[in-house]
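One structure is given here, and the rest of the page talks about it.
The values are calculated or read from the model by the stated rules, or taken from the named source; none is laboratory data. This one's a predicted model, so the numbers in the text were calculated from it and none came from an experiment. Using ideal geometry, Cβ is built from the backbone for each residue, glycine included, and neighbour counts are taken over all protein chains shown.
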Amino acid sequence: MLIPITLASCSNNVSEEEQSLTVKMDSLKDSVDKTEKIVDKDIDKVQASLKEVDEAFK
Amino acid sequence: MKSRKLLSLTILPLMLLWFVTLQEKGKPEKNKGKQDKKTENKYDRDKEQDKREKGKSGDKYDKDSYKGKEKDYKNKNDRYKGKEFDLDKRWDDRKWNDDRFNGRMIKLKDKKKKNWVNERIYLGVNWFNEDDVYKSKKPKNNKKVNICHKPDGSNYPTSITVSENALKAHLNHGDSQGNCNDFDRSIYTKNYWDARNGYYNQYYQTTETLSFGEQLLVNAIDVLTNRRSQLNATRTTLTPVQVQKREVVLIDLQNNVYDLQNSLDNGNQRVSSINFIF
């Protein structure tokens, strides 16, 4: 299993450091994306509630 | 008289010696008691340990003792499902209670928001383009501008797109408007630079959303306070149905504000814990 991976790495000329950094950046991107989606949903709920309050107090 | 003195001189040291001997004999007895107790405790502990290890190794007797109780454990777990974070989080019965409302408002207002992105990155930014904040678009739906962002501690800039409202904040911390001048990228492959660009774009889009959420949170807390005062002032002039309608929307808003505050808190912890420089 190790040989094909090593060969593939050599043929792409991608250093282990670069591979590791790229994986890290992709993973952090996914993580902050998830964070944003959760907050985004709660923002929608608060905006909808604010509208309801505004209408109920008219 | 002399003989009595002599007698007392002989008997007194003897009594003293006898007393000391008794004391010395008593000590080991006492310690022995302690020692026995210790041994007993150790024995009990060993027995407990044996029991636990029997359980771990899947002893048939212990397994059988749980038979029929699976349902109880399952029900217990179900009861706490979704309530792990904060049992006082949602006000689900929607029945008005002044004390409860006030108590929750204190929790909302007292929450420390230092080091949230509004203070760290977007000081002075206003996200609301409309008078009514609920009509304002979130930053990701705003008009965008290109900037050249220079991450602290990195030798390489990155061209990213940010909301127009955030432009000033970025310029204030050393970024410039427009795309970056090209530079020697031979140190890494295109994949790396694409991943890096994707990461920074997402990071700043997320922090913009957090910042918008923080300003919305402050605004919503004000609305809760003001509308609650308005309800109290007009309560006697309203029909019971009107009062109930207003109470319910205030409770719903307070619930949703709680959720937003929690997700902002978690979100801020997440983004501030990232300390990698790419």
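Of B:Val241, B:Val223, which residue is closer than 26 Å to B:Asp265 by Cβ and free of Cβ contacts under 8 Å to residues at least 40 places away in the same chain?
Exactly one of B:Val241, B:Val223 is closer than 26 Å to B:Asp265 by Cβ and free of Cβ contacts under 8 Å to residues at least 40 places away in the same chain, namely B:Val223.
Yes or no: the range B:171-186 includes at least one residue that is in a helix (DSSP H, G or I) and among the charged types (D, E, K, R).
no
Mind checking whether some residue in the range B:93-113 is of a type in the set (Val, Ile, Thr) and at pLDDT 95 or above?
no
Please verify whether B:Leu260 is in contact with a Gly (Cβ under 9 Å, 6 or more places away or on another chain) and within 23 Å of A:Met25 (Cα to Cα), treating the condition exactly as stated.
Answer is no for this residue.
Conditions tested, residue by residue: (1) closer than 21 Å to B:Arg90 by Cα; (2) of a type in the set (Ser, Thr, Tyr); (3) surrounded by 17 or more Cβ atoms within 10 Å (Cβ to Cβ).
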| position | (1), (2), (3) |
| --- | --- |
| A:Ser15 | no, yes, no |
| A:Thr22 | no, yes, yes |
| A:Lys29 | no, no, yes |
| A:Val39 | yes, no, yes |
| A:Lys51 | yes, no, no |
| A:Phe57 | no, no, yes |
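Taking the residues in the range B:120-170 that are of a type in the set (S, T, N, Q) and part of a helix (DSSP H, G or I) as candidates, determine which candidate is surrounded by the most Cβ atoms within 10 Å (Cβ to Cβ).
Looking at residues that are of a type in the set (S, T, N, Q) and part of a helix (DSSP H, G or I), I get B:Asn165.
If we scan the range B:187-195, do we find a residue that is within 34 Å of the chain's Cα centre (by Cα), closer than 27 Å to B:Val162 by Cβ, in the same structural domain as B:Tyr122 (by TED's automatic domain parsing) and in contact (Cβ under 8 Å) with a residue 60 or more places away in the chain?
For the range B:187-195, residues within 34 Å of the chain's Cα centre (by Cα), closer than 27 Å to B:Val162 by Cβ, in the same structural domain as B:Tyr122 (by TED's automatic domain parsing) and in contact (Cβ under 8 Å) with a residue 60 or more places away in the chain: absent.
In contact with an Asp or Glu (Cβ under 9 Å, 6 or more places away or on another chain) and of a type in the set (Asp, Glu) - does that describe any residue in the range B:144-153?
No, the range B:144-153 has no match at all.
Does the range B:188-211 contain any residue that is facing chain A (nearest Cβ under 10 Å) and outside any helix (DSSP H, G or I)?
Yes, the conditions are met somewhere in the range B:188-211.
Of the conditions (1) on the phi < 0 side of the Ramachandran plot; (2) at pLDDT 95 or above; (3) more than 30 Å from the chain's Cα centre (by Cα), B:Gly178 clears all except one; give me its number.
(1)
Here's a check for you: in the range B:225-278, which residue that is under 30 Å from B:Gly153 (Cβ atoms) and at the interface with chain A (Cβ under 7 Å from one of its Cβ atoms) is surrounded by the most Cβ atoms within 10 Å (Cβ to Cβ)?
Among them, the one singled out is B:Leu264.
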